[in-house]
Amino acid sequence: MTALLEVKDLKVAYGKIEAVKGISFEVNQGEIVCLVGTNGAGKTTTLRTLSGLLKPAGGTITFDGKPLAQVPAHKIVSLGLAHSPEGRHIFPRLTIAENLQLGAFLRTDKEGIEKDVERAYEMFPILGERRKQAAGTLSGGEQQMLAMGRALMSRPKLLMLDEPSMGLSPLMMQKIMATIAELKATGTTILLVEQNAQAALSLADQAHVMEIGKIVLSGTGQELLHNEDVRKAYLGED
Ligand code: ATP
């Protein structure tokens, strides 16, 4: 099986600071692959590079059989790679419905778009109830739902989620994690970056631990969940 996403020896630098120091991993169709690691490990930098927002300093990215490294960000979305960024970045003055529509900006199939908006409302009923309100009035967790809903509006082959549970109450977090599991069940392939290692590893088919720009450990979600070093470093055990 060829991987949907193949990252080989990827390096990314901010000026002289090398934030990603040659990482390699794959994401296969239908999988959830998770990147965990402490603050500053290079997880967000990796996702931003995959979406074309940063240029790699070295290595290759192959998505759906095509090299991505020199493709501009807007083209990458049209190839089927969507990114729900850290900190959400929704448009606070636009309504919830308008925010969702923006996620479909590359599509012209009006009926399909309407269907997918309805699907987002089914997935997150609060968005449907408040569809005509400014998105800035939503709580943090609800904005996270909107960001996920919006990223799904491009019907991505690969959905990248950066810290979807950040700042959420335990209940909201559970809801977001359940939604990620549902998305996988309906065939969406997901690359997930999470601080909440317990929840993320429980969902992940494959997972990688990043430390200062490198992948230091890889395995299935279950393997890492039961790995002693991981438990000590990320799951708060002595
Ligand atoms: P977090 O979970 O805290 O977001 P992360 O694993 O996503 O961490 P990155 O945000 O990718 O880590 O940061 C990796 C490294 O790159 C850090 O040392 C960070 O300080 C540095 N860095 C990130 N953005 C910039 C920037 N715009 N300019 C310079 N250095 C940066």
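The values are calculated or read from the model by the stated rules, or taken from the named source; none is laboratory data. All values derive from a computational prediction rather than experimental measurement. All Cβ positions, glycine included, derive from the backbone under ideal geometry; neighbour counts span all protein chains shown. Side chains included, ligands, DNA and RNA excluded: accessible areas come from the protein's heavy atoms. Shrake-Rupley method; radii C 1.70, N 1.55, O 1.52, S 1.80 Å.
Distance from the Cα centroid of the range 47-70 to that of the range 160-238 is 23 Å (rounded to whole angstrom).
Using a Gaussian network model of the chain in which every pair of alpha carbons under 10 angstrom is joined by a spring, one finds that among V77, V216, V193 the greatest mean-square fluctuation is at V216.
Note on the range 1-109: dipole from Cβ charges, positive end direction compared against G15, L47, L79; the farthest Cα belongs to G15.
Taking all protein chains as present, what is the carbon and sulfur share of the accessible area of the chain, in % to the nearest whole number, probe 1.4 Å?
About 53 percent, which is the carbon plus sulfur part of the accessible surface.
With 0.36 nm allotted per residue and the present C-alpha distance subtracted, the Q198-S139 stretch has 18.8 nm of extension available.
Charge tally for E223 (other residues, Cβ to Cβ under 15 Å; Lys, Arg +1; Asp, Glu -1): -3. Remark: C-alpha extents of the chain on the principal axes read 46, 42, 37 Å, sorted largest to smallest.
How much length is gained if the chain between T95 and E182 is pulled fully straight, taking 0.36 nm per residue apart and subtracting their Cα-Cα distance, in nm to one decimal?
28.8 nm
Ranked by the mean number of other Cβ atoms within 10 Å per residue, highest first, peptides 3-10, 123-130 order as 3-10, 123-130. Here the scattering of the range 105-238 is modelled by Debye summation over its C-alpha atoms, one equal scatterer each and no solvent; at q = 0.16, 0.21 Å⁻¹ the log10 of I(q)/I(0) is -0.87, -1.29. For the chain, the longest principal axis of the C-alpha atoms and the axis of helix 140-152 are separated by about 90°. Go ahead and estimate [θ] at 222 nm for the chain from helices alone: -39,500 (n - 2.57) per DSSP H run with n ≥ 4, summed, over the residue count, rounded to 500. Using -39500 (n - 2.57) per qualifying helix, the result is -10500 deg cm²/dmol.
Each residue was assigned an accessible area with a 1.4 Å probe, and for L53 the value is about 90 Å². For the chain, the longest principal axis of the C-alpha atoms and the axis of helix 110-123 are separated by about 70°.
Give me the 1.4 Å probe accessible area per residue for the range 72-116, excluding ligands and nucleic acids, in Å². The partial results should precede the final answer.
Details: 2660 Å² over 45 residues.
Here the per-residue accessible area is 59 Å².
Dipole magnitude for the chain: about 860 debye, using +1 per Lys or Arg Cβ and -1 per Asp or Glu Cβ, origin at the Cα centre. Counting only protein heavy atoms and a 1.4 Å probe, the range 129-195 has 39 square angstrom of accessible area per residue. Subtracting the Cα-Cα distance of D109 and E26 from their residue separation scaled by 0.36 nm leaves 26.7 nm.
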